[in-house]
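Working notes, structure below.
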Amino acid sequence: MRDWITQETETTLKPMTPALSATAKISRLQSAIERVIKGKSNTVKLALVALLAKGHLLIEDVPGIGKTTLANALARALELSFQRIQFTSDLLPSDVIGLSIFNQRSGHFEWNAGPIFSNIVLADEINRATPKTQSALLEAMSEEQITVEGVSRPLPQPFMVVATQNPTEHHGTYPLPESQLDRFMLRLHVGYPSIDDERQILRDRERANPLQFVRAVMSEDDILELQQLATEVRVDEVLVDYLLNIVAGTRENESLELGISPRGTLALFRSAQAIALIEGRDYCIADDIKRLVLPVFAHRVMVNSRNPNAKRRTFEAEQILQEILQKTKVPI
């Protein structure tokens, strides 16, 4: 009888697989963020996809929706360095990346690092800065380093840019160029909360801001480990073919001036791996790719449209991508 109990216990208490262990950690992180961001579970999950896939995140929506709050909650729930940069029309590239200052005592120039040298950088209202200042982020986002005066300086790891912008406001804003948009792995829309969720928001903020109660639930080592685990998620060859067929559809569609670049293809591949890990799997399925096509691709394609309204162009891009998805055969 004792042998039977021992055998049963050993069978029941098998060690957790890396994917299941990762899911438990990710679940704690998601719960910490959702203490502040109410009713937006899918939005929070997609933000975590960008983090685990070593990508950057663009949050685009009208003012007051919670774009900056989401970025702040993500930063507070992680035991990482964090800097917020308020982008304005007079912001200079040196205000972002830093500069060398001459020290009269030593007789040498000394490097003063800018706020970009942090694990998580919040670029708030990024489209309010001039194109010159926006371009200061390009090397950092693609190569995770900054080059000034011929000297390249690596950025801390992990490194992630979370940018916000308001698509409906035009006065005093500068549209992000395609080269900059292509460096954001995902673009999210927060959207208005439901009546019940907004009631909860009012009650939560009746006496204090719940953001101040968010505590770090994941360390730097945890993040690096999860990012490595995400790269080990298996993607079957038929799913790679499915992904490439979707990409080819964007390049051949007559309604699009600009299709998906190889960087965009890789972004969808890595995002699919990350969301599979979040769901507790060490393999991808076709639905992982389908659900990520819009947030990963919609800001990368350029629609053949003269409509100046940014919101309308986004809607047209998403509509065209939906049509491409419907035409692309899903592997079984």
Answer in debye to the nearest 20: the dipole magnitude of the range 31-155 about its Cα centre, from +1 Lys/Arg and -1 Asp/Glu charges placed on Cβ, is 440
Using Cα-only point scatterers and the Debye equation, what is log10 of I(q)/I(0) for the range 105-245 at each q in 0.14, 0.15, 0.22 Å⁻¹, rounded to two decimals? -1.05, -1.14, -1.33
At what distance in angstrom do the alpha carbon centres of the range 114-163 and the range 259-305 lie from each other? 23
Dipole magnitude (debye, nearest 20) for the chain, charges at Cβ of Lys, Arg, Asp, Glu: 660
Under the rule rounded for a/c under 1.5, else prolate if a/b exceeds b/c, else oblate, using alpha carbon gyration tensor axes a ≥ b ≥ c, the range 27-171 is classed as prolate
Of Lys25/Lys67; Lys38/Lys290; Lys40/Lys67; Lys25/Lys45; Lys45/Lys329; Lys40/Lys290, which sit over 18 Å apart, Cα to Cα? Lys25/Lys67; Lys38/Lys290; Lys45/Lys329; Lys40/Lys290
Extension gain, Ser135 back to Arg263 (0.36 nm per residue minus Cα-Cα distance, nm): 44.3 nm
Inter-site label distance for Ser194 and Ser255 at 7 Å from Cα along Cβ, in nm: 3.0
Ignoring everything except DSSP H segments at least 4 long, calculate the 222 nm mean residue ellipticity for the chain; use -39,500 (n - 2.57) per segment, divide by total residues, nearest 500. -14000 deg cm²/dmol
Need one word for the range 181-247: rounded, prolate or oblate. Basis is the Cα gyration tensor (sqrt eigenvalues a ≥ b ≥ c); a/c below 1.5 gives rounded, then a/b vs b/c decides. oblate
Placing +1 at every Lys and Arg Cβ and -1 at every Asp and Glu Cβ, with all other atoms neutral, what dipole size does the range 160-232 have around its Cα centre, in debye to the nearest 20? 380
Above 25 Å lies some portion of the pair distances; for the chain, what is it as a whole percent of all C-alpha pairs? 56
Net length gained if the chain between Asp282 and Glu220 were fully extended (0.36 nm per residue, minus Cα distance): 20.1 nm
Additional length obtainable on full extension of the chain from Ile332 to Gln228, 0.36 nm per residue less Cα span: 34.6 nm
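Here, each number is a calculation from the coordinates, and none is a lab measurement. Keep in mind that this is a model prediction, so the values were computed, not measured. For neighbour counting, all protein chains shown are included, and Cβ atoms are generated from backbone atoms with ideal geometry for every residue, glycine included.
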